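Structure record follows, encoded as structure tokens.
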Amino acid sequence: MHPVRAGAPRAGIWRVRRHCRAATHPVAIFRGARFGWRDVSAALTPLASPTFLTDEPMLVLGLETSCDETGVALYDSQAGLLAHALHSQVELHHDYGGVVPELASRDHIRRLLPLLVRVLAQAGRTPCAIDAIAYTEGPGLAGALLVGAGIANALAYGLSVPAIAIHHLEGHLLSPLLAPAAPRFPFVALLVSGGHTQLMRVDGVGRYALLGETQDDAAGEAFDKTAKLLGLPYPGGPALAALAQRGNAARYPFPRPMLNSNDLDFSFSGLKTAVLLACRSASPLEEHRADIAASFQEAVVEVLCAKCLRALEATGLDALVVAGGVGANLTLRASLDTSAARNGFRVFYPPLEFCTDNGAMIALAGALHLTQDAGAGAGERRGYGFGVRPRWELGQP
């Protein structure tokens, strides 16, 4: 009934081109906290089999629900990011001093579809314009992941489009590509967050090699635990960084764990213990908190910067990408910028709003997998049965 332009099919890429009967056809409706489909069969013209289209822009919806942030975004493979929305659960978990998984899952249920409606309105698009839906399959909290995976596959089924499972860490690795001055492959990536501290060689989409990682606590985890020792509110990392700005970083000579090791691995548990001992000996603690925070932050930043420089030297590359929540730390950025100027390499960061979990990085990763036909880290589903992977190593099938 409707003409379809088909490009040369490529393995791993399948795409159904749908046509609304009218640009204003009410495919989707939103009633309160419910989102339903109205006469989908009439709104969409199904094809007998998937048709491969590789020469047209693709609109990818990205959904992120791995932990305590609900993210939704629309990414156009040619025009870039069209719109995104993010809801943080910081206030919800504040009184508990950490993320409560059950509360996180329930809040994702409440927030995800209203955010989707908002993003579609911001982009001026209807659901029938979506060509694929990317979602976080793992790692993360199982219940939170199931919310995003369930909604993504249900919407994909209703729209007859691919549902693409994305590795959460891959989203972070690729997030600097959202910046106006984006890096080119290959590069070394420092992935530094509350749950991960890793150095990766990135040769392309789906082509990742682990160079080194933490042997115990992640850097972000060490920030949060140290913040608790100092009596700072949740979330501890940003609060500690703010307090450190008023402190003397030379006051406490904290250890630099594994700074002189012959590898690219990290360790932060010993540093955390040193902070605990300093807190016990400081009297009164209130007068020493800023100095302890600044000294702790300086120790972490020094180790991260040194390992990044060694990774660049070991790989022979001259581009470093920093991703993850700790990548928003201004002291870390300043130190890396100084090292880059001194040692002749380039350093790239995602925009600050995309350092934490977000839907834009998931939509971007989905679009890149579709357009570049990469397989590692994401899997397109021809069926719509799904699962989640709370524990999932990047590169693991």
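The values are calculated or read from the model by the stated rules, or taken from the named source; none is laboratory data. Bear in mind that the values here come from a model prediction, so they are computed numbers and not experimental data. Virtual Cβ from ideal backbone geometry, glycine too; neighbours counted across all protein chains shown. Areas reflect the complete protein model, heavy atoms only, side chains present, ligands, DNA and RNA absent. Shrake-Rupley method; radii C 1.70, N 1.55, O 1.52, S 1.80 Å.
Structural remarks
- Charge sum, other residues only, whose C-beta stays under 9 Å from THR136's C-beta, Lys/Arg counted +1 and Asp/Glu -1: -3
- Projecting the Cα atoms of PRO284, PRO397, LEU320 onto the charge dipole of region 271-397, computed from C-beta unit charges around the Cα centre, puts PRO397 farthest toward the positive end.
- Net charge of neighbours whose Cβ lies under 11 Å from the Cβ of ALA299, counting Lys and Arg as +1 and Asp and Glu as -1: 0
- Counting only protein heavy atoms and using a 1.4 Å probe, the accessible area of ARG118 comes to about 120 Å².
- Value in Å of the Kirkwood radius, where region 77-151 supplies the Cα pairs that are averaged: 14.0
- Proportion of all alpha-carbon pairs of region 127-219 beyond 16 Å (%): 64
- Computed with a 1.4 Å probe on the full set of protein chains, the accessible area for ARG110 sits at about 130 Å².
- Selection from TYR96, TYR75, LEU141 lying farthest towards where the dipole of region 61-148 points positive, charges on Cβ: TYR75
- Each peptide in 212-220, 267-275 was scored by the mean count of other Cβ atoms within 10 Å over its residues; highest first, the order is 212-220, 267-275.
- Region 251-287 versus region 316-375: alpha-carbon centroid distance in Å: 27
- At R0 = 30 Å, FRET efficiency that the Cβ-Cβ distance of VAL90 and SER269 yields, to 0.05: 0.70
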